[in-house]
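A short worksheet on the structure shown next.
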Amino acid sequence: MKTHLVQMAPRLGDVRANLDRHLEALEHAREEKAELVVFPELSLTGYTLKDLVSDVAVNPARSPLFKKLCDAGRGMSVVVGFVEEKEDERGLFYNSSAFLAESRIAHIHRKVYLPTFGMFEEAKIFAPGRNVLPFRAPFGKAGMMICRDFLHYGASYLLFAGGAEVFIVVSAAPGRGVSGDDGFETSRMWGLMGEAVAHFSTAFVLYCNRVGSEDGAIFAGGSFVFDPEGTLLARAPEVDEAVLVCDLDLGLVRDVRKRWTFKRDERPEIVLHSLERIVRDYED
Amino acid sequence: MKINGAFVEKVLTRFIREELGRFGFSKGVLGLSGGLDSGTCAVLAARALGPENVLALIMPYGEACPADIEDAASLVRLLGIRSETVEITPQVDTYFSRYPTDNCVLRGNKMARERMSILYDFSAREKALILGTSNKTELLVGYGTIHGDMACAINPMGDLYKTQVRELAAWLGVPKSILEKQPTAGLWPGQTDEGELGIAYADLDVILYEMADRRRSVPEIIALGFKAEVVGRVADMVRRSEFKRKLPPIAKISSRTVGHDFLYPFDREK
């Protein structure tokens, strides 16, 4: 399956301009015969939204914007990042990613873990999502995580336990820390998790990070793809815009799971019972 | 938008006193133009710190606004605060004789920054902190000179709209000649804020209040009965002037960066 990870720099707060960039990228993907196109976290809005959040929010069920994206993405699977204001929860804003397939919204993931420390203030503007659920994609079972979700390994576990074979992680991760390497120190952290999750979930891990800068924060890029053995298939440059093209051999999941039986031997019910005990015995 | 003069006076005089005291200062210095904002700030400062602890710098350019200078001088006498008149004419003229321009905004910005540099010099000489006099209207539409009249150590009036400053001034007993004066940045003869901004403060403040305080959208404000063109223009001014309300962005490279995640309170351990 030919996959495009669009490592772009959205324009902060300018949904119209970003939509145009998406449509261009989708046209390019179609010409290149891509089947899956992934845009980063909040690709339609930019990241450092602060009080702009309510101005850029959309209800995807009624948004003409999503109609355009679905039309432009017909025949392909497309992941886009946006600010969601649901019909029945007006005034609450989610950091969401939509999975579009067969000209409709097949699934929406709402970011569960909202970083709020140091330079991050997501919980000041977003409501937290409550689910990490795999879903049926045209190419098999998939799951999505948004940026910080991926650094909490419980989120990956839920997708693994739920049977996902392709983990799609979208990100707006600023680079932090430099050493002697030609990249940010924090990029190592993402790669480390990518490799480990791919290997131990025997699943593909696609990580699409954004680039560009907002108010001094410099988004690191470095998007990557690991295969179900934890082998790096492709990696985009740090900091520069790029479309990372990668051909996924989806049959590899079956091959690897025959050899590495982590999925077969997993015992979610033991995890569940143990977690129930842990949560029940929380001390005040 | 109505304010209670007595309450706001109490809050702001306490703020001035406590904030200066925290940093070990008992004196304040401010630029006094003879206009409403600096006049109101001078009264607040005199009441907060005692008149002997307030130094007003009157910084005229040539004979540009004689009535304002007269109003400033009489307010100094009325309040019993200290004052110093520092002409900015020589340095401004010297500069523009070398780099001439007819652009009033360039000239006005230069004058505002000359006054700023004098204020900072006096603040160090006098061990006094600079009291800012920018109001909320100016801050929101960016009607001020960055690093000029917007520069200060603390700003007691930055959350009061111009019309609210006038209300407070009336409560404080600011003299009529100042209270009823047409607001002007004094950039050229006959200039008025309202003329330059193209909108009366009464309307501008209501639009800003709806926009900022009540978070109403542009279409919602137009629906209140304002012209679309006017609301759009105000929204543009607010949008375009964000840089004046922020410190410059620092390119984040390290794991801990000033302004990003090296974050301590202004009033740290004070």
Would you please list the contacts, defined by Cβ atoms under 9 Å and residues six or more apart or on different chains, that run from a residue in the stretch A:113-136 that is within 14 Å of another protein chain (Cβ to nearest Cβ) and touching a residue at least 40 places away in the same chain (Cβ under 8 Å) to a residue that is in a loop (DSSP other than H, G, I, E, B) and among the aromatic types (Phe, Trp, Tyr)? A:Ile125/A:Phe93
Of all residues in the stretch B:50-62, how many are in contact with a Leu (Cβ under 7 Å, 6 or more places away or on another chain) and aliphatic (A, V, I, L, M)? 3
B:Ala228: touching an Asp or Glu at 6+ places or on another chain (Cβ under 7 Å), surrounded by fewer than 17 Cβ atoms within 10 Å (Cβ to Cβ) and away from every other protein chain (no Cβ under 14 Å), yes or no? no
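Residues checked against (1) at positive phi; (2) away from chain A (no Cβ under 14 Å); (3) hydroxyl-bearing (Ser, Thr, Tyr):
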site	(1), (2), (3)
B:Leu139	no, yes, no
B:His147	yes, yes, no
B:Val165	no, yes, no
B:Ala169	no, yes, no
B:Leu172	no, yes, no
B:Lys176	no, yes, no
B:Glu180	no, yes, no
B:Ala202	no, yes, no
B:Ala235	no, no, no
Residues of the stretch A:14-49 being β-branched (Val, Ile, Thr) and in a helix (DSSP H, G or I), which ones? A:Val15
Any idea how many residues of the stretch A:50-89 are part of a loop (DSSP other than H, G, I, E, B) and within 18 Å of the chain's Cα centre (by Cα)? 3
Considering residues that are β-branched (Val, Ile, Thr) and touching a residue at least 24 places away in the same chain (Cβ under 8 Å), the number found within the stretch B:95-112 is 1
Residues within the stretch A:178-212 that are at positive phi and buried (at least 24 other Cβ atoms within 10 Å of the Cβ), tallied: 1
Between a first residue in the stretch A:3-24 that is farther than 16 Å from A:Asn209 by Cα and a second residue that is buried (at least 23 other Cβ atoms within 10 Å of the Cβ) and hydroxyl-bearing (Ser, Thr, Tyr), which pairs have beta carbons less than 7 Å apart while being 6 or more apart in sequence or on different chains? A:Gly13/A:Thr45; A:Val15/A:Thr45
Got at least one residue in the stretch B:242-255 being more than 13 Å from chain A (Cβ to nearest Cβ) and crowded, with 17+ Cβ neighbours inside 10 Å? yes
Which residue pairs have Cβ atoms closer than 8 Å, lie 6 or more positions apart in sequence or on different chains, and pair a first residue in the stretch A:39-50 that is among the acidic types (Asp, Glu) with a second residue that is in a loop (DSSP other than H, G, I, E, B)? A:Glu41/A:Tyr47; A:Glu41/A:Lys111; A:Glu41/A:Cys147; A:Glu41/A:Ala172; A:Glu41/A:Arg210
Those helices (runs of 4 or more DSSP H) completely within the stretch B:87-202 that have 2 or more residues that are surrounded by 14 or more Cβ atoms within 10 Å (Cβ to Cβ) and not charged (D, E, K, R) are B:89-98, B:104-126, B:136-141, B:162-172, B:176-179
Would you be able to say whether some residue in the stretch B:34-43 is in a helix (DSSP H, G or I), free of Cβ contacts under 8 Å to residues at least 60 places away in the same chain and closer than 23 Å to B:Phe15 by Cα? yes
Could you count how many residues in the stretch A:16-63 are away from every other protein chain (no Cβ under 14 Å) and either surrounded by 15 or more Cβ atoms within 10 Å (Cβ to Cβ) or modelled with pLDDT under 95 (or both)? 27
Unmet criterion (only one of (1) assigned to a loop (DSSP other than H, G, I, E, B); (2) touching a residue at least 40 places away in the same chain (Cβ under 8 Å)) for B:Val238: (1)
Would you pick out the residues in the stretch B:256-270 that are assigned to a loop (DSSP other than H, G, I, E, B), among the hydrophobic types (A, V, I, L, M, F, W, C) and within 13 Å of another protein chain (Cβ to nearest Cβ)? B:Leu263
In the stretch A:145-165, which residue that is touching a strand residue (DSSP E or B) at 6+ places or on another chain (Cβ under 7 Å) and closer than 22 Å to A:Leu44 by Cβ is nearest to the other protein chains (Cβ to nearest Cβ)? A:Cys147
As an exercise: evaluate A:Leu12 against (1) within 14 Å of chain B (Cβ to nearest Cβ); (2) crowded, with 21+ Cβ neighbours inside 10 Å and give the number of the one condition it does not meet. (2)
Which residue out of A:Ala98, A:Ala172 is among the hydrophobic types (A, V, I, L, M, F, W, C), crowded, with 18+ Cβ neighbours inside 10 Å, within 14 Å of chain B (Cβ to nearest Cβ) and over 30 Å from A:Glu269 (Cβ atoms)? A:Ala172
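The values are calculated or read from the model by the stated rules, or taken from the named source; none is laboratory data. The structure displayed is predicted, hence computed values, not measured ones. Note that we place each Cβ from the backbone using ideal geometry, even for glycine, and neighbour counts take in every protein chain shown.
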